[in-house]
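See below for the structure under consideration.
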4 protein chains.
Amino acid sequence: MECVVHRVPMRDPGDASAVLRLIDDGLIAPHEIVAILGKTEGNGCVNDFTRGYATMALSAALAKPLGITAEEVPSRVAIVMSGGTEGGLSPHFLVFAVRDRAAGPSGGKSLAIGAASTPVLLPEQIGRMPQVELTAAAVCEAMKRAAIVDGADVHWVQVKCPLLTSERMAEAASRGTATATDNTYASMALSRGASALGAALALGEVDPAMPDDRAIGHEFGLWSPRASASAGVELLHSEIIVLGNSAAWSGDNVIAHGVMRDAIDLPSVIGVLRKLDFKIAGQLDKAAASRILAVLAKAEASRSGAIRGVRHVMWDDSDIQASRHARALVGGVLAGVIGRTDLFVSGGAEHQGPDGGGPIAVIARRLR
Amino acid sequence: MECVVHRVPMRDPGDASAVLRLIDDGLIAPHEIVAILGKTEGNGCVNDFTRGYATMALSAALAKPLGITAEEVPSRVAIVMSGGTEGGLSPHFLVFAVRDRAAGPSGGKSLAIGAASTPVLLPEQIGRMPQVELTAAAVCEAMKRAAIVDGADVHWVQVKCPLLTSERMAEAASRGTATATDNTYASMALSRGASALGAALALGEVDPAMPDDRAIGHEFGLWSPRASASAGVELLHSEIIVLGNSAAWSGDNVIAHGVMRDAIDLPSVIGVLRKLDFKIAGQLDKAAASRILAVLAKAEASRSGAIRGVRHVMWDDSDIQASRHARALVGGVLAGVIGRTDLFVSGGAEHQGPDGGGPIAVIARRLR
Amino acid sequence: MECVVHRVPMRDPGDASAVLRLIDDGLIAPHEIVAILGKTEGNGCVNDFTRGYATMALSAALAKPLGITAEEVPSRVAIVMSGGTEGGLSPHFLVFAVRDRAAGPSGGKSLAIGAASTPVLLPEQIGRMPQVELTAAAVCEAMKRAAIVDGADVHWVQVKCPLLTSERMAEAASRGTATATDNTYASMALSRGASALGAALALGEVDPAMPDDRAIGHEFGLWSPRASASAGVELLHSEIIVLGNSAAWSGDNVIAHGVMRDAIDLPSVIGVLRKLDFKIAGQLDKAAASRILAVLAKAEASRSGAIRGVRHVMWDDSDIQASRHARALVGGVLAGVIGRTDLFVSGGAEHQGPDGGGPIAVIARRLR
Amino acid sequence: MECVVHRVPMRDPGDASAVLRLIDDGLIAPHEIVAILGKTEGNGCVNDFTRGYATMALSAALAKPLGITAEEVPSRVAIVMSGGTEGGLSPHFLVFAVRDRAAGPSGGKSLAIGAASTPVLLPEQIGRMPQVELTAAAVCEAMKRAAIVDGADVHWVQVKCPLLTSERMAEAASRGTATATDNTYASMALSRGASALGAALALGEVDPAMPDDRAIGHEFGLWSPRASASAGVELLHSEIIVLGNSAAWSGDNVIAHGVMRDAIDLPSVIGVLRKLDFKIAGQLDKAAASRILAVLAKAEASRSGAIRGVRHVMWDDSDIQASRHARALVGGVLAGVIGRTDLFVSGGAEHQGPDGGGPIAVIARRLR
């Protein structure tokens, strides 16, 4: 098998035409598509409807090529939309397709992908251990589907998880059950945090005895260097996509990851690029940059209110949410070295990397 | 003479205590202060009152040490506040002080500073040739005060210029006079543009025959690589600060500048750093970074709607102004290489560098 | 014929379930639906994708009941989405259905509706006389379809018109043609203004010799007291819906309109309610309010910067667009007297009523 | 004694000129000023620096007339700034002055005022019972100074209270002490809530046994119909101003209050106006409106997410804070009936009136 990756632009969240063009141009066959990640231009917060809109538009567009109804598309293709293209970030889709291919003489490990989902999460499970455990199980299932045996070969776990709306909280309350929070915005953070701890558990990154309900959203010393979770109102279960390298896969694509220790940790970014045989002297030149197929990163405002001891305003700004500031900042740091702005930088890195930092992964074509 | 530069934080726009501490600690004497630049945490747009607040707070704080009234302070010290610390940017003051000093054996040119102001600008002059010409005259005056003879030794011209409020437009209208625009936000761009063209004229960067009323805000092929203008509601005239190097000055500080061709033009930033003898292999290390006293840059969303052919959303976002996105982005690019976030990145780069790019200058202690 | 009106809530812009419920509950038959107006919870400005999302969701939902594809729905049902539910406004759909009915003994005139569209508008036509004239022609066509002979019987003309995106402007430029503006946000105002003047022309409200390209967006003394235009990125032509009373229609519903002279002109609102036989002593009581089927109003920040001589901040606020402030304000004024918040208050009233004011119409069941 | 009230505009938060004009015009003497309430045009949330700016500007302006330093002014005049003029609300100051006057033949009770402050509140006291109790004590002291014996004669208790910044929380943590919340924005709500419960305790509106740490910010069945609290970063203690009617005072001014049951409860507003002998048939006419000296109200988004069963979007909007929506809405409701927009509507009504509603008071000249 070979995992092919295409990065295509969207004109607006309702525009899936560039994905269809990949099919029309013969670059991918519809049934080869296993996952689509999208960076949409909403606020990435509670009332970001660009995620649901893009999901609906993708589903409508792919229904005919796949010969199924629009409603059936999300159960066939893992669709993960992440809102927020602040600063210079550019709205785009990352289309992951899998095709049969005789194992080539490449010898090494190649990019592998696997997707899975949790069952529908009850409101009271969100942000608590049941979400952690159900996510961990789905991550294991996705690894199996990706034919990745060694956890060390996993380089990215993308989770799209649900959030609590006023309505869902009321529904739980009507059953006499309390939810982890009564604040919609806070529920996004808890859901992302529980998802990340689920990945960490599956990958053996945290002591299985450590996470409990109280730790979620509080004990930020517990984190995964490879999890990326984003929450959205448009789904009730979690979608998991595991990316790694595996000898069972062929092709020229590989993935590597690292952890940014804070939002301006350029050295760690350069470290990831070096693992992929990029030479760094400032910004990648055009030829080098063309080897890069996708950049995936998490961004978050440090809870300390400072970056390297110097104050930032992200938490105190009541006009722009902290996660929007953080995406713009990390997008700038990455764009400086990579020379591109269509980067999948997503916000809210609770339990995903250290405070104020976050995981980063790069998918690239192997240097020959 | 020697120009000393101190970068100090502010806790909020009303907090000038760190400037007073410089005096208390004997690092500068009150009468040595010639200019204070401030990066405040407002939105940098029309209703950004953090600029006026910081100006009032600085004036109140310095009145006693200077032995004058608060109202008299701004005529003694050039105060230029620029709003907007999006992304990871950190609110701070840059305090420029000048002290007598016997010319040392340094031999080379050292950091020089000169300040001047235009007369009060009438509403109908703003964004038009009279503003261009009055600004040019003030730039020449400031150069003279800085003892800079050769225009090539000027590396930064900071202009703080007025804008049009509804009230000022009405006042002009009551005299039967039309202003260049009837839109407050647009007047900020025109005023910045006219200021930049004034600097360009004074520095011989544009053909004196070229700028006219129509060109301001339209012919963006005309630009200065060294001007940085920001508009604010808190003044009616323009304040000009010229920074350069001059053999008439002594001390270890020097300044260099460059032009970012677009918002992610890291190579140009590195070029400036190399002029100051920094070695670049990713991010400056702590020792190297400690040589940097101030980073001054302009940021702007490219009018093309794209960065290197890839769409950005800055102009289409009706929740966050384009200049806020742009500051966050450029702040990230700079922070990545420099490793600090207290950078003076200011928005609105009309006629200040090429479309989507802008001037950048770095003040550093000489490498010994 | 009888025009039936249903006001139903939406949980989010992708939720058309309440419209389907009207069908399931037998309150309307699918083929009876002629128009759906929606108030969605986006920002109502350039990057408000809730309008397109709701249009897509409605189309998907109605495809099966109508036995056509989702793509065909908008050519069968006039769909007009208006973004912005600031303050207490509530997202909702207004569903207009027409059914055959023997003329009853009602005698008087009853609510009548007619829809029409313009052809696709070229970028260079937007905000100029061709848009005015094409809109006027479509308004006349819609009146004919509504069987309204006397222009005085028209009480509301809803126009959904296109705007200029960076892309559309570039396309025009590539053909060597200039558009009316190079600013996306400004194009919304021009398109609304041209639409309103088109309605005014069709209804004889302005001297046919008066409007010209220069007047659009400038001569605000020219206005329609019955036009309501909103611009959106999701269509390239204009949709027109005419609402009025006609003896050719039967049923209990009637419509009346008035003009708010400024944003707090409660007396004019009360005037409209009195035309519909409401008694006003403060707020309508529940029984009276239940007669009201729909409230349609335009809101705008006065260009003078003041309301009755007292300053407002709407134009100077760079964090919240003026139209968002205005909708919240007018929504409050209306909700106070009517006692409901699901009001169709839409922003941007250029050439739609006097400066700072706007048209208002109420559809109610006749008092028996 | 007589309490004189003047409502004057501000051009921006740094503009206290209209207050000085009252003095220049002989309408008040400097030493007569006891309190100034200001409605400033910031966001009313964490980073609203317009409150501190206006306080600094007022202090600077009044120093000379009072013959004291700017720093001493706030201890002489109670200064309470409330941010947020969304919708059509207009920035203004309410200046309360007290002058000696022989008791006239008025007979009835007249407007009375008294101010007091709490000591500096420690970070760990904020949002907890110590704040409640210290506020209650200060309210009692202010009543005594207002010569109001019967609690029923108190019609408004304005509290300006501190909030927790990251810095203040860190300071408490460094002493090993936990604060009530680690979220800056949440601390504003807790501080307002504790302040309101303090007023309720002082006025006998709640059972003294009821409020405890847990109830603050949770048991919203406990509330004062006369308290109005707003939190700001610009002070560390609380300022309390009590307004009521007292036979010990003379003059034509009187105050009345009521409680809005929800944000659109116009009937309750009309009830207050009727207590002051206004006749209501829609909007007050100009003559009647001129009797109104000040309108004070609290606004808040209902936690239920609905107004009279119909959904609002205030809590789910991540671009505009809920309190900003709520002020705009209530401002519209009030402006509709009163016909003015310079209304002191302040946000965040925790424990101040029922969920989604809030207290309202009107100060007017007696009808003769």
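The values are calculated or read from the model by the stated rules, or taken from the named source; none is laboratory data. Quick caveat: nothing in here was measured; it's all calculated off a predicted structure. Glycine also receives a Cβ, built like all others from the backbone with ideal geometry; neighbour counts cover every protein chain displayed. Protein only, heavy atoms only, side chains kept; ligands, DNA and RNA dropped before computing areas. Shrake-Rupley method; radii C 1.70, N 1.55, O 1.52, S 1.80 Å.
Can you tell which of D:G114, D:G127 is more than 14 Å from chain C (Cβ to nearest Cβ) and on the phi > 0 side of the Ramachandran plot?
The unique qualifying residue is D:G127.
For residues that are in contact (Cβ under 8 Å) with a residue 12 or more places away in the chain and at the interface with chain B (Cβ under 8 Å from one of its Cβ atoms), scanning just region A:301-325, find the one that is farthest from D:F49 (Cα to Cα).
Among residues in region A:301-325 that are in contact (Cβ under 8 Å) with a residue 12 or more places away in the chain and at the interface with chain B (Cβ under 8 Å from one of its Cβ atoms), the one farthest from D:F49 (Cα to Cα) is A:R308.
Please state which one of C:G26, C:G44, C:G67 is surrounded by fewer than 17 Cβ atoms within 10 Å (Cβ to Cβ) and in contact with a helix residue (DSSP H, G or I) (Cβ under 9 Å, 6 or more places away or on another chain).
The unique qualifying residue is C:G67.
Being of a type outside the set (S, T, N, Q) and assigned to a helix (DSSP H, G or I) is the requirement here; does D:A178 meet it?
no
Out of curiosity, is B:R226 in contact with a strand residue (DSSP E or B) (Cβ under 7 Å, 6 or more places away or on another chain), surrounded by 19 or more Cβ atoms within 10 Å (Cβ to Cβ) and within 21 Å of B:P162 (Cβ to Cβ)?
Here the answer is no, as B:R226 does not meet what is asked.
Could you grab me the full set of residues in region C:252-272 that are in contact with a Lys or Arg (Cβ under 9 Å, 6 or more places away or on another chain) and either of a type outside the set (D, E) or more than 16 Å from C:R327 (Cα to Cα) (or both)?
Across region C:252-272, the qualifying residues are C:D252, C:N253, C:V254, C:A256, C:H257, C:G258, C:V259, C:M260, C:I264, C:P267, C:S268.
Answer yes or no as to whether B:A364 is of a type outside the set (V, I, T) and over 22 Å from B:K160 (Cα atoms).
Criteria met by B:A364.
Within region A:301-322, how many residues turn out to be among the small types (G, A, S) and open to solvent by less than 20 Å² (accessible area, probe 1.4 Å)?
Here the count works out to 5.
Taking the condition of being part of a loop (DSSP other than H, G, I, E, B), open to solvent by 40 Å² or more (accessible area, probe 1.4 Å) and within 24 Å of D:V80 (Cβ to Cβ), how many residues in region D:184-223 meet it?
Matching residues across region D:184-223 total 4.
Cβ contacts < 6 Å: first residue among the acidic types (D, E), restricted to region D:57-74; second residue open to solvent by 70 Å² or more (accessible area, probe 1.4 Å), any location; separation 6+ or different chain. Result?
none
I need a count of the residues in region A:284-300 that are within 10 Å of another protein chain (Cβ to nearest Cβ) and open to solvent by 30 Å² or more (accessible area, probe 1.4 Å).
Selection size over region A:284-300: 2.
So which of C:A136, C:A200 ends up being in contact with a Ser or Thr (Cβ under 9 Å, 6 or more places away or on another chain), closer than 24 Å to C:G258 by Cα and at pLDDT 95 or above?
C:A200
Taking region C:184-216 as the region of interest, how many residues are farther than 23 Å from C:L296 by Cβ and within 14 Å of chain B (Cβ to nearest Cβ)?
Within region C:184-216, residues that are farther than 23 Å from C:L296 by Cβ and within 14 Å of chain B (Cβ to nearest Cβ) number 4.
So D:E350 passes all but one of these: (1) under 18 Å from the mean Cα position of the chain (by Cα); (2) within 13 Å of another protein chain (Cβ to nearest Cβ); (3) open to solvent by 10 Å² or more (accessible area, probe 1.4 Å). Which condition number does it fail?
(2)
Could you grab me the full set of residues in region C:236-250 that are small (G, A, S) and either over 15 Å from the mean Cα position of the chain (by Cα) or not in a strand (DSSP E or B) (or both)?
Those that are small (G, A, S) and either over 15 Å from the mean Cα position of the chain (by Cα) or not in a strand (DSSP E or B) (or both): C:S238, C:S246, C:A247, C:A248, C:S250.
Within the set of pairs 6+ apart or on separate chains, which have a first residue in region B:1-26 that is of a type in the set (S, T, Y), a second that is open to solvent by 50 Å² or more (accessible area, probe 1.4 Å), and C-beta atoms under 9 Å apart?
B:S17/B:R11
Can you find, within region D:331-343, the residue that is surrounded by the most Cβ atoms within 10 Å (Cβ to Cβ) among those that are facing chain C (nearest Cβ under 7 Å) and touching a residue at least 60 places away in the same chain (Cβ under 8 Å)?
D:G332
Among A:L20, A:L58, A:L37, A:L62, which is the only one that is open to solvent by 30 Å² or more (accessible area, probe 1.4 Å) and more than 8 Å from every other protein chain (Cβ to nearest Cβ)?
Sole residue among the options that is open to solvent by 30 Å² or more (accessible area, probe 1.4 Å) and more than 8 Å from every other protein chain (Cβ to nearest Cβ): A:L20.
If you go through region B:70-96 one residue at a time, how many are among the hydrophobic types (A, V, I, L, M, F, W, C) and in a strand (DSSP E or B)?
8
Determine which single condition C:A328 fails, assuming it passes every other condition in (1) within 26 Å of A:S318 (Cβ to Cβ); (2) more than 8 Å from chain D (Cβ to nearest Cβ).
Failed condition: (2).
Could you identify the single residue in A:S82, A:S59 that is among the hydroxyl-bearing types (S, T, Y) and over 30 Å from B:D262 (Cα atoms)?
It is A:S59.
Within 27 Å of D:G217 (Cα to Cα), of a type in the set (S, T, N, Q) and within 20 Å of the chain's Cα centre (by Cα) - does that describe any residue in region D:324-345?
no
Which of the residues belonging to region D:1-17 are closer than 26 Å to D:A248 by Cβ and either open to solvent by less than 50 Å² (accessible area, probe 1.4 Å) or over 20 Å from the mean Cα position of the chain (by Cα) (or both)?
D:M1, D:E2, D:C3, D:V4, D:V5, D:H6
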